[in-house]
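K.L.:
Let me give you the structure first, and then I'll get to my questions.
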Amino acid sequence: MRKGRGVSYVVTVAIMTAVTIALGLFLWGIVSGWAGVSAIGIVAETNKGIAQQRSILVVEFIDWGRGIVWVSNPGKVDLVILSCAIYPKSASPPPISYREIARVNASMNSAYPLEIGSKCQLVTGQKPYVIEIRAIASTIYNPNNPLENAQWMIMVRQNV
Amino acid sequence: MCRRNVGQRRGVSAIAGGAIVLAIFFMVIVPLVILMQNSYALFLNESNSRRIFDTDRMSESLTVGVSQDVITKKLTLLLSNDGPVNVRIVRVWAIDVVRQTSIPMAKPCLEGELLSLPPGGNGTLDVQTCVNGFTGIVQFLAVTERGRIFSSNKIYLKEGGLIDIVFPYTLTVSIINMKKGRMYEVYVTPLGNGKVSPEKFTHKATASNENVTVAFGIFPGNYSVALYENGKLVQIPEGNPQLIEVPDKQAVIFILNRGPIISLSLDVIIIAPKMVKEKSFFTVEVDVQLSDKANESVTITSVGNILVTSDLPPGQFSSDCSYYGGFSILPGEREIVALCSISVGEKGTGTKSIEISVPAGTIYGIGEESGISYTNEPESTTIKVT
């Protein structure tokens, strides 16, 4: 009898220990999962912020004779141009549809043409005009959903 | 024995639980915090890098001039880095200003690593190939590596070369009665197809009531001629800006609302004691002062005799005056013109006095700008001898 009582204590301790370890491992798993998801989120958000910081677009010259807007990218990341519109300064901006218009590599070795009409929307009216170009870093651009990281886009707006 | 064993084993789960909590802390929470800090540091580093880039970009300054080689007759861009950072030119556009299109083709005039200019450095680029055979108005745009664009003046080209335009008419613009120290700007702006050179004239008046006349080469047409004083449009009865049609009108005169220079009397100041004792010696100083309302400086050319008279007994009074002239005084300024040494002997009975008088016209000056005369009003003072 005494022997049996001793065994039950051992079993009780073993069971309690096992339960504790199981609960601990469960908690560990939960916390690890949360931490992993948070880490991925933090890294992703940081990358988007950095991509935006690296994005710069310049409108070099508008060739009104040929209908071409020349842009270049002095930044550190390739850009995807999502919208381009030229409209009278006194008027409201036209409705914008976001789509991949052109890719501009991060290099000042060349300027990229955006044809007025096909790639750059022109709203005629009273001068002066304003050009508005929206672009996003190619590293955070999703071709299937161009507006996925729209809050990290850059906008170039200047008088022309 | 059994109780002791149970008591010892009770702590096993506590130890296991504690170990797991510690493991969670050090293997999950701590790396997560480090990752967050690292991400934040990376973002700050990138923001800082962008800030430095933007500062450098805004610090870029480039002067773009166009010139023609005297010997080869090639059109050359003169680039001068007058900013504090190194500037690298990566592209040059040649623009047909009238048509707002690039020449000669739909691409930059020059492209690639063209020129790198250190602060204060100068360089040239041959742009003749871009404008060969072109006739019209051209402007060049220089694009830097940081994305800044600097433009040249607009120039007239004829078959790819600079031409000297001969203007058929001359427009003269006169500004009368300028105020000393003010900056005057004349803008002649074509209203339509006219052409004028230069379009702006700047002059700083170095003297009061200064007049200036400037000539502009001009083509027939309608123009607006505006005069600014220290950046503000001048209000005059004739109207400003004035609208003219060349060749019907080829002269514009802006008479500013200021009176002509008029002569003011010179103020005489006699510095003398009110009272002196007999058997004494003293000096009297005579100064001249130009009113601060005067519009010009005056040169004191001559100083006449200053009268020193006394009712002292004969032989008991003597005076000797020294006169100074040939100097210039500014409005509000005061200078000495005479210094008289007076010696007084015994006065005898009764009250005696010495009178110092400067008659009208004793001090004579000439206005340095107008040439008109300035003289003094009479002035006198009496010194009692006790």
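K.L.:
What's the exposure ranking of A:TRP34, B:TRP93, A:TRP152, going from fewest to most Cβ atoms within 10 Å? Show your work: numbers first, answer last.
P.N.:
Working: A:TRP34 12, B:TRP93 24, A:TRP152 20.
Taking fewest neighbouring Cβ atoms as first place, the list is A:TRP34, A:TRP152, B:TRP93.
K.L.:
Next up: Give the long-range amide H neighbours of B:VAL66: residues separated by 5 or more places, or on another chain, with amide H under 5 Å away, using H modelled in the peptide plane at 1.01 Å from N.
P.N.:
When sequence neighbours closer than 5 places are left aside, the close amide H contacts are B:LEU78, B:ASN153.
K.L.:
Roughly how many whole Å is it from the C-alpha centroid of region A:108-160 to that of region B:100-128?
P.N.:
26 Å
K.L.:
Now for a separate question. Could you give P(r) for the protein assembly as shown, binned at 20 Å from zero, as whole percent values over all Cα-Cα pairs?
P.N.:
All Cα pairs considered, the percentages come to 14, 25, 20, 17, 14, 7, 3, 0, 0.
K.L.:
How many Å³ per residue does the convex hull of the Cα positions in region B:157-214 occupy? If you can, show how the numbers build up before the last one.
P.N.:
Values: hull volume 6.2 nm³, N = 58.
Hull volume normalised by residue count: 108 Å³.
K.L.:
Can you run phi through the Karplus equation (6.51, -1.76, 1.60; θ = phi - 60°) for region B:218-223 and list ³J(HN,Hα) in whole Hz, with x for Gly and Pro?
P.N.:
8, 9, x, x, 9, 9
K.L.:
How many angstrom lie between the C-alpha centres of region B:18-67 and region A:27-56?
P.N.:
Value for the Cα centre distance between the two parts: 14 Å.
K.L.:
I need the P(r) histogram for region A:1-130: all alpha carbon pairs, bin width 5 Å from 0 out to the longest distance, whole percents.
P.N.:
Answer for region A:1-130: a P(r) of 2, 9, 11, 12, 10, 8, 6, 5, 4, 4, 4, 4, 4, 3, 3, 3, 3, 2, 2, 1, 0, 0 percent.
K.L.:
Moving on to the next point. Ratio to report: Rg/Rh of region A:56-159, with Cα atoms as the point set and Rh obtained by the Kirkwood method; give two decimals.
P.N.:
Numbers: Rg = 13.2 Å, Rh = 13.9 Å.
My calculation puts Rg/Rh at 0.95.
K.L.:
Just counting partner chain Cβ atoms within 10 Å, what average do the residues of peptide A:57-67 show around their Cβ?
P.N.:
Counting Cβ atoms of other protein chains within 10 Å of each residue's Cβ and averaging gives 5.
K.L.:
With +1 on each Lys and Arg Cβ and -1 on each Asp and Glu Cβ, and nothing else charged, work out how big the dipole of region B:62-162 is about its Cα centre, in Debye to the nearest 20.
P.N.:
Charge dipole, region B:62-162, about its Cα centre: 180 debye, nearest 20.
K.L.:
Another question, then. Determine one quarter of the surface area of the Cα convex hull of region A:1-53, which equals its mean projected area, and express it in nm² to one decimal.
P.N.:
Working: hull surface 13.1 nm².
The orientation-averaged projected area of the Cα hull of region A:1-53 comes to 3.3 nm².
K.L.:
Would you work out which of A:PHE61, A:GLY33, A:GLN126 lies farthest towards the positive end of the dipole of region A:28-160? Charges go on Cβ: Lys and Arg +1, Asp and Glu -1.
P.N.:
A:GLN126
K.L.:
Per DSSP H run of at least 4 residues, take -39500 (n - 2.57); add these up for chain A, divide by its residues and hand me the 222 nm value, nearest 500 deg cm²/dmol.
P.N.:
Numbers: 1 runs with 52 residues, N = 160.
Mean residue ellipticity, 222 nm, calculated: -12000 deg cm²/dmol.
K.L.:
So which lysines can B:LYS352 reach, going by Cα to Cα under 27 Å and dropping same-chain residues fewer than 8 places off?
P.N.:
Those lysines meeting the cut-off are B:LYS274, B:LYS277, B:LYS279, B:LYS384.
K.L.:
Using only the Cα atoms of region B:62-162, construct the convex hull and provide its projected area averaged over every direction, in square nanometres to one decimal.
P.N.:
Taking a quarter of the hull surface, the average projection is 6.0 nm².
K.L.:
Note down the relative contact order for chain B as a percent, whole number, built from C-alpha pairs under 8 angstrom at least six residues apart. Provide the component values of the computation, followed by the final result.
P.N.:
Values: 846 pairs, mean separation 39.5, N = 386.
Once normalised by length, the contact order is 10 percent.
K.L.:
Summing Lys, Arg as +1 and Asp, Glu as -1, what charge do residues with Cβ under 9 Å from the Cβ of A:ILE81 carry, A:ILE81 excluded? Walk me through the numbers on the way to the answer.
P.N.:
Details: positive: A:ARG103, A:LYS119, A:ARG134; negative: A:GLU100.
Around A:ILE81, the charge tally is +2.
K.L.:
With charges set only on the Cβ (+1 for Lys and Arg, -1 for Asp and Glu), what does the dipole of region B:267-385 come to about its Cα centre, in debye to the nearest 20? Could you put the intermediate results ahead of the total?
P.N.:
Working: 8 positive and 16 negative charges, 140 e Å.
Its charge dipole is roughly 680 debye.
K.L.:
Further, regarding this structure: B:SER380 versus A:VAL43, label points 7 Å from Cα toward the beta carbon: distance in nm?
P.N.:
10.8 nm
K.L.:
What is the log10 of I(q)/I(0) for region B:280-345, computed with the Debye formula using one identical point scatterer on each Cα and no solvent, at q = 0.17 Å⁻¹?
P.N.:
-0.66
K.L.:
So, one more: Set the Förster distance to 25 Å, then compute FRET efficiency between B:GLU369 and B:GLN235 from the Cβ-Cβ distance, nearest 0.05. Before the final figure, lay out each step's value.
P.N.:
Working: r = 25 Å, r/R0 = 1.00.
For R0 = 25 Å, the calculated efficiency reads 0.50.
K.L.:
Next question, about the same structure. Can you pull the Kirkwood radius for chain B, inverse mean 1/r over Cα pairs, to one decimal in Å? Walk me through the numbers before you get to the answer.
P.N.:
Values: mean 1/r = 0.0329 Å⁻¹.
The answer is 30.4 Å.
K.L.:
At a Förster distance of 41 Å, what's the computed FRET efficiency of B:LEU162 paired with A:GLU100, Cβ-Cβ distance as r, to 0.05? Before the final figure, lay out each step's value.
P.N.:
Numbers: r = 45 Å, r/R0 = 1.10.
Efficiency computed from Cβ-Cβ geometry: 0.35.
K.L.:
Separate question: Distance between the C-alpha centers of region B:263-326 and region B:185-226? Whole Å please.
P.N.:
Result: 52 Å between the Cα centres.
K.L.:
Under the rule of -39500 (n - 2.57) per DSSP H run of 4 or more residues, summed and divided by the residues of chain B, what mean residue ellipticity at 222 nm is obtained, to the nearest 500 deg cm²/dmol? Can you show the working numbers first?
P.N.:
Details: 3 runs with 57 residues, N = 386.
Counting only the DSSP helices, I get -5000 deg cm²/dmol.
K.L.:
On to the next question. Nearest 5 percent is fine: what portion of the DSSP beta bridges confined to region A:56-159 is antiparallel?
P.N.:
Taking every DSSP beta bridge with both residues in region A:56-159, the antiparallel ones total about 90 percent.
K.L.:
So what is the relative contact order for chain A, in percent, with contacts set as C-alpha pairs under 8 Å and at least six apart?
P.N.:
Details: 258 pairs, mean separation 36.1, N = 160.
Relative contact order here is 23 percent.
K.L.:
Just name one of A:VAL156, A:ALA135, A:ASN109: the one whose Cα is farthest towards the positive end of the charge dipole of region A:56-159 (beta-carbon charges, Lys/Arg +1, Asp/Glu -1).
P.N.:
Checking the options against the dipole of region A:56-159, the answer is A:VAL156.
K.L.:
Of B:ASN230, B:GLY217, B:LEU171, which is farthest along the charge dipole of the protein assembly as shown in the positive direction, counting Lys and Arg as +1 and Asp and Glu as -1 at C-beta?
P.N.:
B:ASN230
K.L.:
A further question on this structure: Angle, helix A:2-53 long axis vs. longest principal axis of chain A, Cα atoms, 0 to 90°, nearest 10?
P.N.:
Here the helix axis deviates by roughly 10 degrees.
K.L.:
Same structure, new question: Restricting the count to DSSP beta bridges whose residues both fall in chain B, what percent are antiparallel, rounded to a multiple of 5?
P.N.:
Numbers: 107 of 115 bridges.
Percentage antiparallel, nearest 5: 95.
K.L.:
Using a Förster radius of 30 Å, what is the FRET efficiency between B:LEU191 and B:LYS293 based on their Cβ-Cβ separation? Nearest 0.05, please. Intermediate results must be reported in sequence, preceding the final value.
P.N.:
Details: r = 42 Å, r/R0 = 1.41.
Working from the Cβ atoms, E equals 0.10.
K.L.:
Next up: Fewest to most neighbouring Cβ within 10 Å: what's the order for B:ILE155, B:ILE255?
P.N.:
Values: B:ILE155 19, B:ILE255 13.
Lowest to highest Cβ neighbour count: B:ILE255, B:ILE155.
K.L.:
Something else about it: Identify which of A:VAL80, A:VAL37, A:VAL130 has the largest mean-square fluctuation in a Gaussian network model of chain A, with springs joining Cα atoms closer than 10 Å.
P.N.:
The residue that fluctuates most here is A:VAL37.
K.L.:
What percent do you get for the relative contact order of region B:130-225 when only Cα pairs under 8 Å and 6+ apart count? It would help to have the intermediate numbers written out before the result.
P.N.:
Values: 180 pairs, mean separation 26.5, N = 96.
Relative contact order for region B:130-225 comes out at 28 percent.
K.L.:
Also: With only Lys, Arg, Asp and Glu charged, each at its Cβ (+1 for the first two, -1 for the last two), find how big the charge dipole of chain B is about the Cα centre; round to the nearest 20 debye. Walk me through the numbers before you get to the answer.
P.N.:
Numbers: 34 positive and 36 negative charges, 594 e Å.
About 2860 debye.
Every read-out reported here was derived from the displayed coordinates using simple, explicitly stated rules and does not represent laboratory data. Here the structure is a predicted model, which means the values were calculated and not measured. Virtual Cβ from ideal backbone geometry, glycine too; neighbours counted across all protein chains shown.
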